[in-house]
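Below you will find the structure I want to go over with you.
Laboratory data are not the source of any read-out in this text; all were calculated from the coordinates shown. Keep in mind the model is a prediction, meaning the values are calculated, not measured. Here the Cβ is made from the backbone with ideal geometry for all residues, glycine too, and neighbour counts use every protein chain on show.
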Amino acid sequence: MSIPALSSGLDSPSGAPAPPSSPGAPAPAGSEAIVAAGLRKVYGRHEAVRGVDLTVRRGEIVGFLGPNGAGKTTTIKMLTGLLRPSAGRAAIMGHDVQREPVRAKASFGYVPDTPSLYGKLRGWEYLRFMGRLYRVPTKGAERRAAELLRLFELTDAASDLVEGYSHGMQQKLALAGALLHDPPVLFLDEPTVGLDPRSARIMKDLLVRLRDRGTAVFFSTHILEIAERMCDRVAIIDRGAIVAAGTIAELRGDSSGSLEDIFLRLTGGAEYRELAEVLA
Ligand SMILES: Nc1ncnc2c1ncn2[C@@H]1O[C@H](COP(=O)(O)OP(=O)(O)OP(=O)(O)O)[C@@H](O)[C@H]1O
Ligand SMILES: [Mg+2]
């Protein structure tokens, strides 16, 4: 497995895009990288996710929007094999998540909403561990780890125990770990939460550059401005069901409203305006 150096396309703004070269990633840009078909999750009597269908292709960023409790994290956990769906199926790079879990998991990186890293490891040890887990050859892994630490400005903290990292530092280390094997697919659950403006910018630029070299990026966010600026398409989930999906222009249709207006209209937020007026 060859791991292209980050410097070939990621950490220099003017760097020429490197061709996608990832483990088990023969599919060209534009092909289906993430497929959810009829995904459903029932907790007791509560149907948290009610038959979600979605597709993310290589070379696109898709934002996953929805109110608190709408089912974003649950859907992402089913797509990444952390939760068994009550019904439906998910496939990553053509590998069924339930039937071919190892192949599916080898082809994506995942940063959960609250990463739980190993506190007793040092930053560089965590990345070395991730490199071994994903069977990245040692030399390539060391080089890439050093570049990722530099990109996320963690080089000085690399020898410190992870338990001493701030929330934002842990978030960045988790992202570095998810990128170490240069996966063709990336899942991020609210990736900018806890990041300072500079770190958030580094991460957003990185995601755009990864997209440009063929990575499929699927991330949830409550920051509609980020979705509007970065995403090729968005999917909006409300009470477990996708209520809209497409480009921002498609969602906007003939109206001139912002994504916030569209979001509030689709998720019933507009009705709270009246309540706010009464309370004010
Ligand atoms: N382990 C669980 N047991 C029971 N119910 C759960 C469990 N995890 C999630 N739920 C429920 O499933 C629904 C969807 O939760 P989920 O965490 O997917 O929402 P979300 O869209 O990620 O919300 P947020 O924006 O707050 O992160 C909620 O009603 C939640 O209470
Ligand atoms: Mg969530």
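Using the 10 angstrom Cβ neighbour count as an exposure proxy, how do LYS72, LYS120 rank, fewest first?
Fewest-to-most ranking of LYS72, LYS120: LYS120, LYS72.
Compute the distance in nm between two label points, each set 7 Å from the Cα along the Cα-to-Cβ direction, one at SER116 and one at ARG150.
It is 3.5 nm.
Taking square-rooted eigenvalues a ≥ b ≥ c of the alpha carbon gyration tensor, is region 6-279 rounded, prolate or oblate, where a/c under 1.5 means rounded and, failing that, a/b exceeding b/c means prolate? Can you show the working numbers first?
Values: a/c = 1.60, a/b = 1.45, b/c = 1.10.
Verdict is prolate for region 6-279.
Same structure, new question: Lysines within cross-link reach of LYS77: Cα-Cα under 18 Å, excluding same-chain residues under 8 positions apart?
Output for LYS77: LYS41, LYS105.
What aspartates and glutamates sit close enough to LYS139 to cross-link, taking a C-alpha to C-alpha distance under 15 Å and skipping anything fewer than 8 places away on the same chain?
Within the straight-line cut-off, LYS139 pairs with GLU125, GLU147, ASP182.
For LYS120, go through the lysines and keep the ones whose alpha-carbon is under 21 Å away, minus same-chain ones fewer than eight residues off.
Within the straight-line limit of under 21 Å, LYS120 reaches these lysines: LYS172.
Evaluate E = 1/(1 + (r/R0)^6) for LEU279 and HIS222, where r is the Cβ-Cβ distance and R0 equals 25 Å; express this FRET efficiency to the nearest 0.05.
0.65
Can you tell me the FRET efficiency between ARG132 and ASP196 if r is taken as the Cβ-Cβ distance and R0 is 25 Å, rounded to the nearest 0.05?
FRET efficiency, ARG132 to ASP196: 0.25.
Counting only helical runs of four or more DSSP H residues, what would the 222 nm mean residue ellipticity of the chain come to if each run contributes -39,500 (n - 2.57) and the total is spread over all its residues?
-10000 deg cm²/dmol
Any idea how far apart GLU260 and THR247 come out in nm if each label point goes 7 Å out from Cα toward Cβ?
The answer from the label model is 2.4 nm.
Could you tally the net charge around ALA87, taking each other residue with its Cβ under 13 Å from the Cβ of ALA87, Lys/Arg +1 and Asp/Glu -1?
So the surrounding residues net to +3.
Find the relative contact order for region 82-140 and round it to a whole percent, using C-alpha pairs within less than 8 Å whose residues are 6+ positions apart.
17
Which percentage, to the nearest 5, of the DSSP beta bridges contained in the chain is antiparallel? Display every interim value, and only then the final one.
Values: 22 of 39 bridges.
Bridges in the chain are about 55 percent antiparallel.
By counting other Cβ atoms within 10 Å of each Cβ, how are HIS95, HIS222, HIS167 ranked from fewest to most?
Neighbour counts put them in this order, fewest first: HIS167, HIS222, HIS95.
Which residues does a label at VAL42 reach in region 86-116, if reach means a backbone N under 11 Å from a point 7 Å past the Cα toward the Cβ?
86-87, by backbone N distance to the label point.
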